[in-house]
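**Student:** Let me begin by handing over the structure; questions about it come next.
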Amino acid sequence: MKKLLQILKEKMSAKTNKNDELGTEQNEQDLVNETAVADNDAEVKKPRFKLSHLIDKTWKKAIIIVLLIILSTVSFLTIYSVMIGQQLLSQAKEAESIGRAGYLAFKEQNLPEAENKFKELDNKLEEITKSYKKLSIYKFVPLMSRYYKDGEAGLHAADKGLNAGLTAIEAITPYADVLGFSGEDSFEGGSAENRVKLILQTLEKVTPQLDAIESDLHEMQSALAEINPEHYPKKIKNKEIKSKLIAAKDSADTAITALTEFRPIIEKLPDIAGATGERRKYLILFQNDNELRPTGGFLTAYAVIFLEDGVVTPEKSDDIYELDKKFNKKIEIPEELGRYLTTEKYWNLRDMNTSPDFKESMHQFISNYKEVRGEPSDIDGVIAVDTHLLTGLMDVVGPIEIPGYGTFSSENDERCDCPQIIYALSEIITRPTPYIREDRKGILGPLMKAILSKIYSSPRIYMANLFTVGLESVSGRHMQAYFFKEDWQTAIEAINAGGRMEMSAEAEDFVAIVDANLAGAKSNLFISNEVLQEISTPENGKITKTVTVTYKNNRKADNCNLEAGLLCLNSTLKDWFRLYVPSGAELTDSQGFTEEVKSYQENGFTVFDGFFSLEPMSQAKVKLSYTLPYSDTENYKVLLWKQGGIGPIKTIMDVNGGQEEISVEEDSFYETKF
């Protein structure tokens, strides 16, 4: 029994161990099965997990690589650009220095040195262009491409502008002494007369050079037109940028305009001056600006001259009154003239320059002059000069001795505080005498011959000053011309030598103050005037404007009693005043006139017409207020037209309360913001 229990116990123990082993094996099998399942699950999930992870890591690496490439490229470009930029900056500073030296040489009238500097600048510009091309990659970079192309356009414009300058220097070199420049090819030898002949004979050689200059200037203008100043700031590091770009564009436009204006007269001048094989004949009118009239002065005398190869030969000269004695046509005198010229019943030739437009007045004058018997009918045109030109010439050539009349000069004479020649001529021509003095103005003929003789025999150094006097006389309307040939007239009008009164295309406003001395001896010699123009901001397409003119005569009156026999220069002025403004203007108020101001239309302008008086040692003020059509609400633009025969006019422009003082020495375009 005991043994049987032992056997059963051992069997039970064996069974338990076996079950344990089976359990263990099962557990192990279960673990294997679970592991297999897990592995299977892992195998299913593993490809999706690893691909996204790989892609993510690849993109990150790609982005990092791209960023590194971009940063490296930017760094390289930055360093490269800075290096090229520094090189360009250094070259630009050198170019600026050379250009400044060239301009200074030109200003000092040293033509050879100016030419050398401009050639040096041309070489430097070529270096700058080569350096700039090293940055051509920016042509393909967004945003930067626009500025790179602007730089290319600017360099191209500079190149063409410099080419035009060098060609211009080459063109004027043969005429250096006339223009006041020093140069190896100047006309060193011969008289002034011979130099003038040679200049006229060689002017035709300038035309091909003008073609080249014009072509370069137009290319420069086109290149600058590609640059929009609005894309640039006003300043960079205190250096003006935007304004310089605008100034460059304006300079190109001005250069082309100047060439366009002067080219016709350069091409026509030899023919006008009788240097093309045909002698020319002109009527010369002497205007006494001390007795002011609309075109610049009272028509006091006249002469007929021949012009051949630029050399003047007087044919005849006489008093304008002698001409009127032969004028038998009876024309009723205009009402405005008859108001104060009470001794005149009919309209005389000497009073026919009533229009301030020289061409209009001369058309009136010549149509009647041709009816005077014994006067030349084959003239080519009319040239008018005043005492400003006379004294200007004498400033250059010095005193002139005329047998039978004495010495004349431009030095100040205390008796009138005016040039001696003005007082001396007044003594000869104007002073009353107890006897009849024939040919009072016979002095003008010998005087003209003496001045011409001295000019033609003058040394070379006088040429530039004489040329300057001529230009200033043209711009200031002290010398005006009216030619019968249409192409000649077009040429002189292009340089504003025709005395025309015309509206400017770039201006919306126009102001022309025109005075006529109808009773006041030669008092304009002592009269000065100042102008105040007050302009409001446009409203409803109109501006309100007030023009105030103050006239002053600070010299005491002369004794003008004929019995006293004294020289009468200064007396009571009776002034016929006209203000020319744009058509459509309407007068709202007037002050300072002796009667109601009239308003009418003339030659495309509205005219306000009135009279006032001015006593010696006093002042007079006239004031006109009016409205006129005006469309530009931002900019005020006006052409200030200057009457012939008067000096610079002090003018104060008051635009919406902002005042600026200017001097009107010639026709002047004025612009400002409202």
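The values are calculated or read from the model by the stated rules, or taken from the named source; none is laboratory data. Computed from a predicted model, the values in this text were never measured in an experiment. Here Cβ is always computed from backbone atoms with ideal geometry, including for glycine, and neighbour counts include all displayed protein chains. With ligands, DNA and RNA removed, areas are computed over all heavy atoms of the protein, side chains included. Shrake-Rupley method; radii C 1.70, N 1.55, O 1.52, S 1.80 Å.
**Student:** What ratio of Cα Rg to 2.2 N^0.38 Å holds for region 362-504?
**Tutor:** So region 362-504 has a normalised radius of gyration of 1.21.
**Student:** Compute the relative contact order of region 438-551 as a whole-number percentage, counting only Cα pairs closer than 8 Å that sit 6 or more residues apart in sequence.
**Tutor:** Result for region 438-551 is 12 percent.
**Student:** Using a 10 Å cut-off on Cβ atoms, rank the peptides 553-564, 472-483 from the highest mean neighbour count down.
**Tutor:** 472-483, 553-564
**Student:** Among 211-218, 400-407, what's the highest-first ranking by average C-beta atoms within 10 angstrom per residue?
**Tutor:** 211-218, 400-407
**Student:** Calculated FRET efficiency, Thr129 and Lys325, Cβ-Cβ r, R0 45 Å, to nearest 0.05?
**Tutor:** The pair Thr129/Lys325 has a calculated efficiency of 0.05.
**Student:** If you don't mind, another one. Of the listed peptides 94-100, 230-236, what is their order by residue-averaged count of other C-beta atoms within 10 Å, with the highest listed first?
**Tutor:** 94-100, 230-236
**Student:** Continuing with this model, one more query. Send over a whole-number figure in Å² for the accessible area per residue of region 271-312, probe 1.4 Å.
**Tutor:** 24
**Student:** Something else: Contour minus end-to-end for Glu660 and Ser251, with contour as 0.36 nm per residue of separation and end-to-end as the Cα-Cα distance?
**Tutor:** Working it through step by step, the gained length comes to 144.9 nm.
**Student:** Pulled fully out, how much extra length does the chain show between Thr260 and Glu595, if you take 0.36 nm times their separation in residues and subtract their Cα-Cα distance?
**Tutor:** My answer for the length gained is 116.0 nm.
**Student:** So, one more: Where only protein heavy atoms count, and the probe is 1.4 Å, what is the accessible area per residue for region 462-599 in Å²?
**Tutor:** Each residue of region 462-599 exposes 42 Å² on average to a 1.4 Å probe.
**Student:** Something else now. Please report, as a whole percent, how much of the solvent-accessible surface of region 80-177 comes from carbon and sulfur atoms (probe radius 1.4 Å).
**Tutor:** 58
**Student:** Could I ask something else about it? What FRET efficiency, computed as 1/(1 + (r/R0)^6) with R0 = 60 Å and r the Cβ-Cβ distance, is obtained for Ser613 and Arg146, rounded to the nearest 0.05?
**Tutor:** After rounding to 0.05, the efficiency reads 0.35.
**Student:** Of the heavy-atom accessible surface of region 506-619 (probe 1.4 angstrom), what whole percent is carbon and sulfur?
**Tutor:** Summing carbon and sulfur atoms, their accessible area is 44 percent of the total for region 506-619.
**Student:** A follow-up question, please. Rolling a 1.4 Å sphere over the protein heavy atoms, what is the accessible area per residue of region 85-124, to the nearest Å²?
**Tutor:** That works out to 62 Å² per residue.
**Student:** Largest first, please: the extent of the C-alpha atoms of region 537-674 along each principal axis, to the nearest Å.
**Tutor:** Rounded to whole Å, the extents work out to 61, 29, 26 Å.
**Student:** Using only alpha carbon pairs under 8 Å that are at least six residues apart, calculate the relative contact order of region 345-419 and give it in whole percent.
**Tutor:** Here the relative contact order equals 15 percent.
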